[in-house]
């Protein structure tokens, strides 16, 4: 009897699947955005999928995996881009989407189980007059645990920063993978132990977050003469603290043809901005648009925008939520039309963020097509970009990142599945240390985190 057979026997009563279609579906995410990751991860599949109905069943799964030394991968909505949900060593995939209970919601804060869908969270919070401060463009699919484990910024980052900022997450409850699983509550900077760690060092079971008062968010598309004119408007809008905003996204004219459903609202050859603004202040925003010689080409009121996002809109036609054309959703739209497209991750830090954008646009005039996402971090305006790139070779991607870094831009490698090589690139990152405590046998998402193996091997022996 194999370890998987023994595991299956121990998990009687829990929803399990081992048919080829279920295994393939549960073993994929959006790694295929990367032509580097796709050949490395294509064909990697689990041997079994478990779908716990609650935390008690999840505890049984964690204990059984520890007992039989079966590797496991924790999966949320499967919207990651780095192969976070891909099992490199077979074993078990745990689908968390039914562990989704709201623990509480109150003025200024909420707590949900990790499998809660982020759109459904906002629907529940709306009944309390609250909303999530920020969410990914994949709000309709993403889970809050997956966002904490593999996400960064998104819609709302223009006001609230991103997920790893101090205060963005209040608390995390984490379950260990041991014969007798423990629950560990993390607060403050301790949260960084499992933040953006791809689920390699403990199962995130509950997430506590601050919330914001719910706004009526109107949507706008605004065209400009060129990318830098649009970028200067974006900077001015970000610095206009009197206007509440949830999205400031700026696009090179060459992005437009890839956004098929927005075509009627994108004049040929013009850059454009995609915006979410508090509806009572939309008229004030238009004064700023006029100052920067922009032209509003699309208006959607808050009531309709909310109904479309929440899936209650009765009308037909028109684009979906405008945030689904920004951040890395832009890449998805482009890939649907041109399979040679991929992306990079670049950040243009203050105080010279716009000068860096202008330099980069001139430095890479052909194979890099910029769209910019504005963020507020530590009281300053940052400009991030997930530019579309016409892929030729991995070496060219490396060359672009290296040259960008030489020019003062901050690149982050979007084409690796190893936690250590993405994002912070911190040598003192706390994930390896905590993995020794929460996953002593090294069973969680093996192959994704470097720097802890010796202790894990000793524990296994």
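Nothing in this text is a laboratory measurement; each read-out follows from the coordinates by a stated rule. Predicted model, so just to flag it, every value in this text is computed and none were measured. Heads up, the Cβs are rebuilt from the backbone with ideal geometry, glycines too, and the neighbour counts pull from every protein chain shown.
R0 = 25 Å: FRET efficiency of residue 450 with residue 406, Cβ-based, nearest 0.05? Could you put the intermediate results ahead of the total?
Working: r = 26 Å, r/R0 = 1.05.
The value I calculate is 0.45.
At q = 0.23 Å⁻¹, work out log10 I(q)/I(0) for segment 210-318 with the Debye formula, treating every Cα as an identical point scatterer and leaving solvent out; two decimals please.
After summing over all Cα pairs, the log10 values are -1.30.
Over the chain, calculate the relative contact order: mean separation of alpha carbon pairs under 8 Å at least 6 apart, over the residue count, as a percent. Mind showing how you got there, number by number?
Details: 1013 pairs, mean separation 73.4, N = 461.
Computed value for the chain: 16 percent relative contact order.
Can you give the angle from 0 to 90° between the axis of helix 394-406 and the longest principal axis of the chain, with both taken from C-alpha atoms, to the nearest 10?
Once rounded, one gets 60 degrees.
What is the order of 2, 205, 284, fewest Cβ neighbours within 10 Å to most?
On the way: 2 10, 205 23, 284 14.
Lowest to highest Cβ neighbour count: 2, 284, 205.
Give me the angle, in degrees from 0 to 90, between the Cα long axis of helix 353-363 and the longest principal axis of the Cα atoms of the chain, rounded to the nearest 10.
Orientation of helix 353-363: about 90 degrees from the principal axis.
Any chance you could run the full-extension gain for residue 243 through residue 260? It's 0.36 nm times the residue separation minus the Cα-Cα distance, nm to one decimal. Could you put the intermediate results ahead of the total?
On the way: separation 17, 0.36 × 17 = 6.12 nm, distance 2.99 nm.
Here the answer is 3.1 nm.
Where the convex hull is taken over the Cα atoms of segment 258-353, what is its projected area averaged over directions, in nm²? Please list the in-between numbers first.
Numbers: hull surface 33.7 nm².
Result: 8.4 nm².
Between residue 307 and residue 399, how many nm apart are label points set 7 Å from Cα along the C-beta direction?
Each label point lies 7 Å from its Cα, and together they span 5.2 nm.
If you average the C-alpha positions of segment 262-331 and of segment 23-62 separately, how far apart do those two centres end up, in angstrom?
Comparing the Cα centres of segment 262-331 and segment 23-62, I get a distance of 35 Å.
(1) -0.48, -0.61; (2) -0.35, -0.46; (3) -0.42, -0.55: which one is log10 I(q)/I(0) by the Debye sum over Cα atoms at q = 0.07, 0.08 Å⁻¹ as calculated from this entry?
(2)
Multiply the residue separation of residue 268 and residue 359 by 0.36 nm, subtract the distance between their alpha-carbon atoms, and state the gained length in nm to one decimal. Write out the running numbers ahead of the final one.
Numbers: separation 91, 0.36 × 91 = 32.76 nm, distance 2.39 nm.
Working it through step by step, the gained length comes to 30.4 nm.
For n ≥ 4 DSSP H runs only, could you compute -39500 (n - 2.57) per run for the chain, divide by its residues and tell me the 222 nm figure to the nearest 500?
Values: 15 runs with 135 residues, N = 461.
Taken over the chain, the calculation gives -8500 deg cm²/dmol.
I need 95, 225, 252, 241 ordered by Cβ neighbour count within 10 Å, fewest first.
Working: 95 24, 225 15, 252 21, 241 9.
Lowest to highest Cβ neighbour count: 241, 225, 252, 95.
Can you divide the C-alpha Rg of segment 98-145 by 2.2 N^0.38 Å and report the result to two decimal places? Let's see the in-between values first.
On the way: Rg = 9.7 Å, N = 48, 2.2 N^0.38 = 9.6 Å.
Ratio of Rg to 2.2 N^0.38 Å for segment 98-145: 1.02.
Take residue 89 and residue 42, extend 7 Å from each Cα along the Cα→Cβ direction, and tell me the distance between the two endpoints in nm.
In this crude spin-label approximation the distance works out to 2.6 nm.
Where the centre of each part is set by its Cα atoms, how far does segment 347-401 sit from segment 80-136, in angstrom?
A separation of 30 Å, based on Cα centres.
Which of 221, 204, 14 comes first, and how do the rest follow, when ranked by fewest Cβ neighbours within 10 Å?
Lowest to highest Cβ neighbour count: 14, 221, 204.
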